[in-house]
Amino acid sequence: MNRVIFLAFLLVIANLLIGCDSKPAASSAPPPPPVTVARPLQKQITEWDEYTGRFAAVASVEVRARVSGFIDSVHFKDGQVVKQGDLLFVIDPRPYKLAVEQSTADVERAKAKLDLATLDVERAGPLVRSQTLTEREFDTRRSTQRDTAAQVASAEATLNQAKLNLEWTEVRAPIAGRISDTRVDAGNLISGGQVGATLLTVIVTIDPIRFVFDGSEADYLRYMRLSAAGARPSSRDAQNPVSVRLADEPDYKHQGRMDFVDNVVNPKTGTIRGRAVFENKDGLLTPGFFGRLRLFGGEHEALLVPDGAIASDQSRKIVFTVADDGTVGTKLVELGPMVEGLRVIRSGLASNDRIVIDGLQRARPGQKVTPEDGKIVPLAP
């Protein structure tokens, strides 16, 4: 029995010694993850800043009658293009023709009185010299002549007003452009005059047409600095070029020029209003159209990076940089517009920085990576 226990003990010791001799395989750490890095593309560019806005007519006129009356007839088709002076509405002219006839008769009556008063004065001259007529009576006749002359002038003014009212019974287009629909049909009574006149229709000009947009205070300051440095003229002093694309257009195919910058920055929005003008021979550009505008922002040396190399840290924009020892860092950058498919970096980046352009998901600040050289290539303009 003791012999069996002793053999079992030796077997346990042997197993323990065998276990001590078998060493586990040493674990090796994985290599740093690979990322593609490149230096920012440094290039002389023509910068175009982008803004959103809408088209607006150069002139818009609400057509209202200057005299009251019943609409006799309408002489245009809703939505058509009209020329300045085209007949649009006719107001019943009969009451105004009668007013002209009555005023004409009043003028003739006043002129007859003036002729008689003039003859009285002419006859009184010799009588005064012969002392047949007193000076007082002569002065009375001359006063009567002047009074009747004033009556003639008043009657003629009334006649001219009556003729003008008769002329205003024909409502004509004050400007050339595209007319809206008829707001009042024939047979309706309308009010005319300077206050409370009935709206008949609206006309807007077509060619040229304006584009109105709001730019940020920061952009406005940058333009002013560029103007002061002589790098870019102010749009107040020069018609800087612009281009616009419509909602269904991929390219900026409509070319125009700046013609106005407002004199104040809106304190509520921190923006300033700008305006450009475009030719519109075919009438495609319509007031109210939404569009995206590009404004000439000057020529300068810039650093360009792919949009995919830019990450967001809450409201801030950052890029990942790689040091010589492979350690990942971050830099806060200020973005500019897109140029040739690449993003302009206004500040925060140096030309010799190596930035991660591919593999951002594998880059962690403070950790090491395996950098692989890449190249930033612009797209064809």
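Assorted remarks:
- Matching option when the condition is under 30 Å from ASP207 (Cβ atoms) and modelled with pLDDT of 90 or more, among LEU98, LEU88: LEU88
- Selection of the range 251-269 for residues being part of a loop (DSSP other than H, G, I, E, B) and out of contact with any Phe, Trp or Tyr (no Cβ under 9 Å at 6 or more places or on another chain) yields ASP251, LYS253, ASP262, ASN263, VAL264, PRO267, LYS268, THR269.
- Among residues of the range 106-158, those that are touching a Ser or Thr at 6+ places or on another chain (Cβ under 6 Å) and open to solvent by 80 Å² or more (accessible area, probe 1.4 Å), counted: 1
- Cβ-Cβ under 7 Å pairs, at least 6 apart or on other chains, the range 360-372 side of a type outside the set (D, E, K, R), far side assigned to a loop (DSSP other than H, G, I, E, B) and open to solvent by 60 Å² or more (accessible area, probe 1.4 Å): THR370/PRO31
- The residue of the range 208-233 that is farthest from VAL265 (Cα to Cα), among those that are in contact with a Gly (Cβ under 7 Å, 6 or more places away or on another chain) and open to solvent by less than 70 Å² (accessible area, probe 1.4 Å), is ALA231.
- The residues in the range 275-332 that are open to solvent by 60 Å² or more (accessible area, probe 1.4 Å), under 22 Å from ASP248 (Cβ atoms) and assigned to a strand (DSSP E or B) can be counted, and the count is 3.
- Contacts under 6 angstrom Cβ, first residue in the range 178-191 being free of Cβ contacts under 8 Å to residues at least 24 places away in the same chain, partner surrounded by 15 or more Cβ atoms within 10 Å (Cβ to Cβ) and assigned to a strand (DSSP E or B), 6 or more apart: ARG183/LEU200; ARG183/THR201
- Among the residues making up the range 61-71, those that are open to solvent by 40 Å² or more (accessible area, probe 1.4 Å) and over 14 Å from ARG172 (Cα atoms) are SER68, PHE70.
- Candidates are the residues of the range 336-379 that are open to solvent by 90 Å² or more (accessible area, probe 1.4 Å) and among the hydrophobic types (A, V, I, L, M, F, W, C); the one that is nearest to the chain's Cα centre (by Cα) is LEU379.
- Considering VAL61, VAL37, the condition of being within 30 Å of GLN361 (Cβ to Cβ), modelled with pLDDT of 90 or more and either charged (D, E, K, R) or assigned to a strand (DSSP E or B) (or both) is satisfied by VAL37 alone.
- Per the conditions (1) modelled with pLDDT under 95; (2) surrounded by 13 or more Cβ atoms within 10 Å (Cβ to Cβ), the sole criterion not satisfied by GLN194 is (2).
- The combined condition, being open to solvent by less than 40 Å² (accessible area, probe 1.4 Å), touching a helix residue (DSSP H, G or I) at 6+ places or on another chain (Cβ under 8 Å) and outside any loop (DSSP other than H, G, I, E, B), is fulfilled by ILE272.
- Enumeration of residues in the range 115-162 that are more than 30 Å from SER103 (Cβ to Cβ) and among the β-branched types (Val, Ile, Thr): VAL128, THR132, THR134
The values are calculated or read from the model by the stated rules, or taken from the named source; none is laboratory data. The model shown is predicted, which means the values in this text are computed figures rather than measured ones. Virtual Cβ from ideal backbone geometry, glycine too; neighbours counted across all protein chains shown. Note: accessible area is taken over every heavy atom of the protein model, side chains too, but ligands, DNA and RNA are not part of it. Shrake-Rupley method; radii C 1.70, N 1.55, O 1.52, S 1.80 Å.
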